[in-house]
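A quick write-up on the structure given underneath.
Coordinate-derived values only; no laboratory data. This is a predicted model, so every value here is computed, not measured. FYI the Cβ positions are ideal-geometry reconstructions off the backbone, even for glycines, and counts take in every protein chain you see.
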Amino acid sequence: MCITIEPGCYFIDTLLDKAFADPELSKYLVKEKIEEFRGFGGVRIEDDIIILANGNLNMNAELPRTVEEIEEFMSLNNKNCCGKQ
């Protein structure tokens, strides 16, 4: 069996506006901090896990995760992408 785990954080304007207007929800939000990221959209980190009889195997374990790792990966692997030399 294979499962996908997809934690994410999304900044959806209509949902944020509704939450800011609701006193029960807005008390849990730091509006000034959220506004800094509002135009960003969001991010999701995905793991594909194979469930085995004796454990599991994370198919994405070797992929870059941190900003530094991703930037290094992109600089090494993006040179020939999209006609770039």
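Evaluate the following for F73: is it assigned to a helix (DSSP H, G or I), free of Cβ contacts under 8 Å to residues at least 12 places away in the same chain and in contact with a helix residue (DSSP H, G or I) (Cβ under 9 Å, 6 or more places away or on another chain)? Criteria not met by F73.
The residues in the stretch 1-36 that are among the hydrophobic types (A, V, I, L, M, F, W, C) and part of a helix (DSSP H, G or I) can be counted, and the count is 7. From the list E72, E68, exactly one residue is out of contact with any Pro (no Cβ under 6 Å at 6 or more places or on another chain) and exposed (fewer than 10 other Cβ atoms within 10 Å of the Cβ). Which is it? Result: E68 is the single residue among E72, E68 that is out of contact with any Pro (no Cβ under 6 Å at 6 or more places or on another chain) and exposed (fewer than 10 other Cβ atoms within 10 Å of the Cβ).
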